[in-house]
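Here is the structure we will look at.
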Amino acid sequence: MLNPCVAHRGASGLAPENTMAAFREAMRFPFVQWIELDVQLSKDGIPVVIHDDTLRRTTRTSGKVNDYTAEQLGKMDAGGWFDKAYAGECIPTLEQVMLETIGRCRLNIELKTYGGRYPGIEKKVVDLLNKHSLQHDSVITSFDRDSLRIVRSLTADVRTGLILDASPWTLVQELKQLGTTFLSIGYTHVSNQLLEQMRGVGVAVMAWTVNDAPMMKRLGSMDPNLMICTNYPDRFQQAAT
């Protein structure tokens with residue numbers, strides 16, 4: 001199996017999601033080419049890496065991400081909930097992750113915009129990509145079409161990707177209208193027909209989130225270029241052998 005492997009929120013089955021520990025764990029596997037992560041804005045407008053808009057699940061802290069500054073978020077324990085061995089792992093900034101992964105893994109940056117909840121987040125992320133010369137080595141993805149349109153209006157250099165957990169018949173038309181060449185789709189919607197259709201219009205496809213080795217093999221056999229997004233790079237390794 002030669003498919004590109006994407007570590008979902010880092011190696012989030014092996015270490016606490018969206019922490020430097022999870023990203024470093026993912027990079028231990030030489031075949032991990034991409035890391036997928038989630039970005040929101042702190043109170044002081046800094047892109048930070050966390051999935052939920054509330055802090056309870058991963059930090060046992062009340063309130064929302066944008067109730068706190070990046071410095072305050074960076075002092076929260078975002079690892080102890082997973083295992084006491086990871087107590088003290090913090091919520092990193094996107095820039096910290098970029099500096100850790102540059103030259104090793106490409107980043108799939110999901111904007112958790114939810115209908116414009118974080119005005120300006122698109123420009124902040126694009127500016128960081130440009131600052132670190134990563135504009136050609138990353139993709140910005142979102143469920144939010146408006147957010148993808150904003151990214152495209154800001155730059156032609158950064159690739160954008162639509163996230164879906166469906167396969168509508170209007171998909172090709174929608175991707176063209178968005179100027180998007182990347183599709184992040186729930187793996188149950190991946191089919192030979194879909195992959196053929198996407199190849200025909202030059203759209204790369206990533207299947208999420210695949211944690212079962214036999215399913216990885218089955219999906220991989222459809223197309224060697226299909227990106228497999230998983231919480232468990234170790235299981236991907238098993239599927240590939």
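The values are calculated or read from the model by the stated rules, or taken from the named source; none is laboratory data. Because the structure is a prediction, the values reported are computed rather than measured. Counting neighbours? That spans all protein chains shown, and the Cβs are built from the backbone with ideal geometry, glycine included. The protein model used for the area step is the full one, side chains on, heavy atoms only, and it has no ligands, DNA or RNA in it. Shrake-Rupley method; radii C 1.70, N 1.55, O 1.52, S 1.80 Å.
Working carefully through the options 107, 134, 129, find the one that is closer than 26 Å to residue 29 by Cα and in a loop (DSSP other than H, G, I, E, B).
Residue meeting the stated conditions: 134.
Looking only at region 180-196, how many residues end up being assigned to a helix (DSSP H, G or I), open to solvent by less than 10 Å² (accessible area, probe 1.4 Å) and β-branched (Val, Ile, Thr)? It would help to see each step written out before you state the result.
First pass over region 180-196, keeping only residues assigned to a helix (DSSP H, G or I): 187-189, 192-196.
Of the ones still in play, those that are also open to solvent by less than 10 Å² (accessible area, probe 1.4 Å) are 194-195.
Retained after the next criterion (residues that are β-branched (Val, Ile, Thr)): none.
Residues flagged as assigned to a helix (DSSP H, G or I), open to solvent by less than 10 Å² (accessible area, probe 1.4 Å) and β-branched (Val, Ile, Thr) within region 180-196 amount to 0.
State all residues of region 173-203 that are free of Cβ contacts under 8 Å to residues at least 60 places away in the same chain and either among the charged types (D, E, K, R) or in contact with a Gly (Cβ under 8 Å, 6 or more places away or on another chain) (or both); if no residue qualifies, say none.
174, 176, 180, 181, 182, 183, 196, 199
Return yes or no: is residue 38 open to solvent by 10 Å² or more (accessible area, probe 1.4 Å) and either among the small types (Gly, Ala, Ser) or closer than 29 Å to residue 119 by Cβ (or both)?
No: the conditions fail for residue 38.
Could you pull out the residue among 154, 171, 175, 148 that is farther than 27 Å from residue 29 by Cα, within 16 Å of the chain's Cα centre (by Cα), at pLDDT 95 or above and among the aliphatic types (A, V, I, L, M)?
148
Between 22, 11, 7, which is part of a loop (DSSP other than H, G, I, E, B) and either closer than 19 Å to residue 129 by Cα or of a type in the set (Gly, Ala, Ser) (or both)?
Unique residue meeting the criteria: 11.
Would you tally the residues in region 87-104 being outside any strand (DSSP E or B) and either among the polar types (S, T, N, Q) or over 22 Å from residue 6 (Cβ atoms) (or both)?
5
Would it be correct to say that residue 175 is of a type in the set (A, V, I, L, M), exposed (fewer than 14 other Cβ atoms within 10 Å of the Cβ), part of a helix (DSSP H, G or I) and on the phi < 0 side of the Ramachandran plot?
Values: of a type in the set (A, V, I, L, M): yes; exposed (fewer than 14 other Cβ atoms within 10 Å of the Cβ): no; part of a helix (DSSP H, G or I): yes; on the phi < 0 side of the Ramachandran plot: yes.
No: the conditions fail for residue 175.
Report whether or not residue 109 is within 21 Å of residue 32 (Cβ to Cβ) and surrounded by fewer than 17 Cβ atoms within 10 Å (Cβ to Cβ).
So residue 109 fails the test.
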